[in-house]
């Protein structure tokens with residue numbers, strides 16, 4: 001069968017992909033610029049077809065705790081919000097990470113701090129990859145840069161979450177959420193049956209089953225000796241994820257003398273900057289981290305070692321967050337600077353090129 | 001082929017939906033398309049704009065600093081986007097909303113009195129389709145048959161009875177656009 005190409009917003013693509021993936025439940029609370037996710041799910045009424053639950057909770061806090069419960073029973077469950085709403089969910093996210101449960105969380109970022117603006121931003125990078133909630137936990141973080149990736153990362157996020165029993169986050173922003181472009185939606189797959197869930201997730205709470213002892217899921221461990229062991233287990237898992245799950249993409253990097261490092265919508269705008277620079281004869285490339293955690297530190301470090309690379313510009317819709325991880329990777333080998341716009345303002349391709357010339361060249 | 005277009009005017013003029021129809025038309029022709037709206041706290045009477053890109057090759061940035069074509073439907077948008085038309089590009093404006101016409105000599109300028117014509121036709125709702133017709137006349141980037149298919153795809157089924165009226169408005173728009 002020929003693939004059907006559709007035109008839709010990134011937010012709508014996430015909703016369709018979630019239904020098609022066989023997601024068991026979505027729990028959310030509306031906030032711009034991501035409200036189309038729940039609107040689309042409600043309009044599609046998947047409870048009539050796949051049996052997927054779609055529920056508007058009374059608050060973000062309630063929604064994330066519904067996710068905690070659904071995940072504990074081995075279901076594929078998700079929630080979505082935008083920056084201020086994600087702040088509210090962080091307590092729940094820390095608990096889910098501490099209980100080692102898989103789930104998918106989507107943040108379509110807007111400008112902050114506080115209630116801020118509804119315009120696009122990438123200022124939740126620190127919040128997402130450096131903790132946010134309390135305790136030594138990590139979120140597998142995927143940064144889509146197209147409507148197609150919004151759709152594709154639903155399956156990838158869930159698969160990684162279940163592979164490592166860890167929450168995964170899709171970190172998008174208002175641009176990717178609101179823009180429409182072509183997308184090929186994934187094929188429909190059935191939701192897991194009760195028997196499949198019991199077989200695949202022996203840790204899941206399923207009531208009293210014959211021949212299986214009762215599971216208890218908690219992030220609480222009052223004995224610090226045991227809690228340290230839990231943390232060491234988490235850390236070993238995180239090292240494994242760092243070794244195996246780094247994803248990134250390179251554009252015009254092979255002969256590049258200067259590199260832009262950018263993720264999500266910024267990477268799209270930077271692609272155009274690379275085109276403009278190449279027209280002027282400037283050898284500019286773009287390295288786009290797809291996973292923000294685990295971060296592609298080794299790939300960036302390798303470019304810093306190359307004799308022809310003279311400098312890197314970390315281009316972000318924030319005051320300079322990912323640039324710290326770029327500098328850690330580069331470790332002083334080449335000049336690394338940051339360029340950003342704040343509070344919902346978005347840079348244009350020529351502004352980035354001008355920044356490259358003044359800050360790096 | 002690549003067309004980078006900004007459509008800018010007041011909320012309620014059908015700016016976003018016109019962009020959507022253009023994007024669907026491009027999709028029908030097998031092109032790469034991107035549709036990026038301004039999605040601020042928009043309301044009827046506030047400003048609204050949308051960037052539409054149609055291209056034979058993959059599209060990089062959905063946000064641009066220069067455009068091949070600017071469709072300007074009110075004075076604030078003229079002030080904001082007049083200078084952002086590429087040299088040799090096209091600026092289309094509706095005569096009704098504009099007090100200060102463009103002074104640029106290095107671009108092609110077209111005027112379309114769509115607001116007046118829509119009033120004559122006693123149908124405000126076809127305003128954006130008149131403009132779309134004008135655009136297709138001066139820059140036939142997509143075939144009319146694909147625009148009509150695009151229109152059908154972007155309208156909910158309950159509005160499909162309005163398709164003939166919209167097609168007539170597109171054809172009328174092609175007649176009333178004038179080069180300045």
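Every read-out reported here was derived from the displayed coordinates using simple, explicitly stated rules and does not represent laboratory data. Since the structure is predicted, the reported quantities are computational estimates derived from the model, not experimental observations. All Cβ positions, glycine included, derive from the backbone under ideal geometry; neighbour counts span all protein chains shown.
Sequence gap at least 6, Cα distance under 8 Å: using those rules, report the relative contact order of the stretch B:47-180 to the nearest whole percent. Present the calculation step by step, with values, prior to reporting the outcome.
Values: 174 pairs, mean separation 27.8, N = 134.
Relative contact order comes out at 21 percent.
For each of B:52, A:184, B:85, A:214, count neighbouring Cβ atoms within 10 Å of the residue's Cβ, then give the residues from fewest to most.
On the way: B:52 28, A:184 13, B:85 23, A:214 9.
Fewest to most other Cβ atoms nearby, the residues stand as A:214, A:184, B:85, B:52.
Using the number of other C-beta atoms within 10 angstrom as an exposure proxy, rank A:253, A:103, A:270 with the fewest first. Please list the in-between numbers first.
On the way: A:253 19, A:103 29, A:270 32.
By the 10 Å Cβ count, ascending, the order reads A:253, A:103, A:270.
Can you give the angle from 0 to 90° between the axis of helix A:224-244 and the longest principal axis of chain A, with both taken from C-alpha atoms, to the nearest 10?
So the inclination is approximately 50 degrees.
For n ≥ 4 DSSP H runs only, could you compute -39500 (n - 2.57) per run for chain B, divide by its residues and tell me the 222 nm figure to the nearest 500?
Details: 6 runs with 65 residues, N = 180.
-11000 deg cm²/dmol, from helical runs alone.
Output the 0 to 90 degree angle, nearest 10, between the alpha-carbon long axis of helix A:147-164 and the longest principal axis computed from the alpha carbons of chain A.
So the helix axis and the longest Cα principal axis differ by about 50 degrees.
Which FRET efficiency value, to the nearest 0.05, is calculated for residue B:145 and residue B:96 with the Förster distance at 25 angstrom and r the Cβ-Cβ distance? Present the calculation step by step, with values, prior to reporting the outcome.
Numbers: r = 30 Å, r/R0 = 1.20.
Here the calculated transfer efficiency is 0.25.
Counting pairs of Cα atoms in chain B, how many percent are more than 29 Å apart? Provide the component values of the computation, followed by the final result.
Numbers: 1956 of 16110 pairs.
So the portion of pairs separated by more than 29 Å is 12 percent.
Please check which bits of the stretch A:72-107 a label hung off residue A:342 would reach, taking the label as a point 7 Å along Cα-to-C-beta and the cut-off as backbone N under 19 Å.
The answer is A:83-84.
Note down the relative contact order for chain A as a percent, whole number, built from C-alpha pairs under 8 angstrom at least six residues apart.
Numbers: 780 pairs, mean separation 65.0, N = 361.
Averaging sequence separation for qualifying contacts and normalising by length gives 18 percent for chain A.
Out of all DSSP beta bridges with both ends in the stretch A:5-194, state the antiparallel percent to the nearest 5. Each step should come with its number before you reach the end.
Details: 6 of 26 bridges.
Restricted to the stretch A:5-194, the bridges split so that about 25 percent are antiparallel.
To make sure I understand, if each residue's beta carbon is the centre and we count other beta carbons within 10 Å, what order do A:249, A:181 fall in, fewest to most? Display every interim value, and only then the final one.
On the way: A:249 14, A:181 26.
Listing A:249, A:181 from fewest to most nearby Cβ atoms yields A:249, A:181.
Using the Kirkwood radius over Cα pairs, work out the Stokes-Einstein diffusion coefficient for the protein assembly as shown at 10 °C and 1.306 mPa s, in µm²/s as a whole number. Mind showing how you got there, number by number?
Values: Rh = 24.8 Å.
In µm²/s, the coefficient is 64.
Calculate, for residue A:198 and residue B:84, the FRET efficiency according to 1/(1 + (r/R0)^6) with r their C-beta to C-beta distance and R0 60 Å; round to the nearest 0.05.
Working: r = 60 Å, r/R0 = 1.00.
Approximately 0.50, to the nearest 0.05.
Helix A:60-72 versus the longest principal axis of chain A: what angle, 0 to 90°, nearest 10, using Cα atoms?
Approximately 60 degrees, to the nearest ten.
Rounded to the nearest 5, what % of DSSP beta bridges with both residues in the stretch A:88-181 are antiparallel?
Details: 1 of 11 bridges.
Taking every DSSP beta bridge within the stretch A:88-181, about 10 percent pair in antiparallel fashion.
Gap in Å between the Cα centre of the stretch B:91-164 and the Cα centre of the stretch A:139-197?
The stretch A:139-197 and the stretch B:91-164 have Cα centres spaced 38 Å from each other.
Given the C-alpha centroids of the stretch A:260-313 and the stretch A:212-243, what is the distance between them in whole angstrom?
Between the Cα centre of the stretch A:260-313 and that of the stretch A:212-243, the gap is 37 Å.
Can you compute the helix-only [θ] at 222 nm over chain A? Use -39500 (n - 2.57) per DSSP H run of at least 4 residues, normalise by all residues, nearest 500 deg cm²/dmol. List each step's numbers first, then the result.
Details: 13 runs with 151 residues, N = 361.
Rounded to the nearest 500, the figure is -13000 deg cm²/dmol.
How far is it, in nm, from the label point at residue A:306 to the one at residue A:357 when both lie 7 Å from their Cα along the line to the Cβ?
Label at residue A:306, label at residue A:357, 2.4 nm between them.
Give, in nm to one decimal, the length gained when the segment between residue A:228 and residue A:59 is fully stretched (0.36 nm per residue of separation minus the Cα-Cα distance).
Numbers: separation 169, 0.36 × 169 = 60.84 nm, distance 3.31 nm.
Between residue A:228 and residue A:59, full extension yields an extra 57.5 nm.
How far apart, in nm, are two points set 7 Å out from the Cα along the Cα-to-Cβ line at residue B:159 and at residue B:171?
That separation, rounded to one decimal, is 2.2 nm.
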